[in-house]
Amino acid sequence: MTRVHPTAIVDPRAELGQNVIVGPYAIVGAGVMLGDGCELSAHAVVEGPSRIGARNRFFPFSVTGAAAQHKRPQTRVSRLSMGDDNVVREHVTIHRGTEGNETRIGSNNLFMVGVHVAHDVALGSHCTLANGVQLAGHVGVEDHVTIGGLAAISQFVLVGESAFVAGGAMVEHDVPPFMIVQGDRARVRALNKVGLARRGVPAGSVRALAAAFRVLYKSGAPRAVAVRDVALASGAGTDPFVAQLCGFFSRASRCQDPPAPSSV
């Protein structure tokens, strides 16, 4: 049975699924659709229009689905959509889109304390955002990404699948899949071998990605030449993970150039 605490406020225009729990002083706004098994702890807020999937947990003082922080007047209704089994910890803020667009959140993500997800963000599934991570508007984050504490990602940046953004990184360039970026301003530092192993990527694909990394980031070749060489390399070019890496550069718009070759 759905349980709503007597001190909670649920707008009559909200829709609650089966076995939803709304805790003390929690607020569910108009236009919110909460899927089965969702749980709002004390003082959690979900505003709408928002479509929330099943078994999502919202911890105290989180605010999900609030209007975008945007100076221009919004003339069209914007929304938030969220998948299943996400954990939204204390003081997390996730905003709706702008001008008729959606902020889109996948499934099985962990948002640790103090994370901010701005308007029009598209975030995939199986991601971990550590304490204090800040995602600016229109950021894209693909599946299986880990972002360390206090990292910030600039507007319109794309973070590729299974990337690792180190704690405190200031990211203003697109992050290729399977890579580690670190620093202010963040640069590609290494292949994310630990993340790939945890995900269960085959050892042969990890070796192929390591070879591709050396060509892309250690050879000093221009980006287009390095991507072509990787795609043509024996064995590496036929690996699906390497093909995905090469494909990223064709659709990313803000990739950082590889470092210049050393004069030593």
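Quick look at the numbers
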{"quantity": "Filter result (touching a Leu at 6+ places or on another chain (Cβ under 9 Å) and among the aliphatic types (A, V, I, L, M)) within the range 32-46", "calculated": "V32, M33, L34, L40, V46"}
{"quantity": "Matching residues, the range 141-160, being surrounded by fewer than 20 Cβ atoms within 10 Å (Cβ to Cβ) and under 21 Å from F241 (Cβ atoms)", "calculated": "D143"}
{"quantity": "Residue check for R72: surrounded by fewer than 19 Cβ atoms within 10 Å (Cβ to Cβ), in a loop (DSSP other than H, G, I, E, B) and either of a type in the set (A, V, I, L, M) or without any contact (Cβ under 8 Å) to a residue 60 or more places away in the chain (or both)", "calculated": "yes"}
{"quantity": "Residues located in the range 69-125, provided they are of a type in the set (F, W, Y) and over 11 Å from the mean Cα position of the chain (by Cα)", "calculated": "none"}
{"quantity": "Residues being hydrophobic (A, V, I, L, M, F, W, C) and in contact (Cβ under 8 Å) with a residue 40 or more places away in the chain - total across the range 160-195", "calculated": "2"}
{"quantity": "Filter result (part of a loop (DSSP other than H, G, I, E, B) and under 24 Å from D120 (Cβ atoms)) within the range 23-53", "calculated": "G29, A30, G31, G35, C38, A44, E47, G48, P49, G53"}
{"quantity": "Residue within the range 166-177 that is closer than 24 Å to K71 by Cβ, part of a loop (DSSP other than H, G, I, E, B) and of a type in the set (D, E, K, R) present", "calculated": "yes"}
{"quantity": "Condition met for T64 (buried (at least 20 other Cβ atoms within 10 Å of the Cβ) and touching a His at 6+ places or on another chain (Cβ under 8 Å))", "calculated": "no"}
{"quantity": "V181 buried (at least 22 other Cβ atoms within 10 Å of the Cβ), in contact with a strand residue (DSSP E or B) (Cβ under 7 Å, 6 or more places away or on another chain) and either at pLDDT below 95 or not in a loop (DSSP other than H, G, I, E, B) (or both)", "calculated": "yes"}
{"quantity": "Conditions (1) basic (K, R); (2) under 30 Å from N131 (Cα atoms); (3) at pLDDT below 95; number of the one not met by R198", "calculated": "(3)"}
{"quantity": "Index of the failed condition, I52 passing every other in (1) surrounded by 15 or more Cβ atoms within 10 Å (Cβ to Cβ); (2) out of contact with any Cys (no Cβ under 7 Å at 6 or more places or on another chain)", "calculated": "(2)"}
{"quantity": "Any chance T98 is part of a strand (DSSP E or B) and in the same structural domain as A26 (by TED's automatic domain parsing)", "calculated": "no"}
{"quantity": "Per-region count, the range 104-138, residues buried (at least 23 other Cβ atoms within 10 Å of the Cβ) and not in a loop (DSSP other than H, G, I, E, B)", "calculated": "6"}
{"quantity": "Tally, over the range 75-91, of residues that are assigned to a loop (DSSP other than H, G, I, E, B) and either surrounded by 24 or more Cβ atoms within 10 Å (Cβ to Cβ) or in contact with a Cys (Cβ under 9 Å, 6 or more places away or on another chain) (or both)", "calculated": "1"}
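The values are calculated or read from the model by the stated rules, or taken from the named source; none is laboratory data. Note that this is a predicted model, so its numbers are computed, not measured. Glycine also receives a Cβ, built like all others from the backbone with ideal geometry; neighbour counts cover every protein chain displayed.
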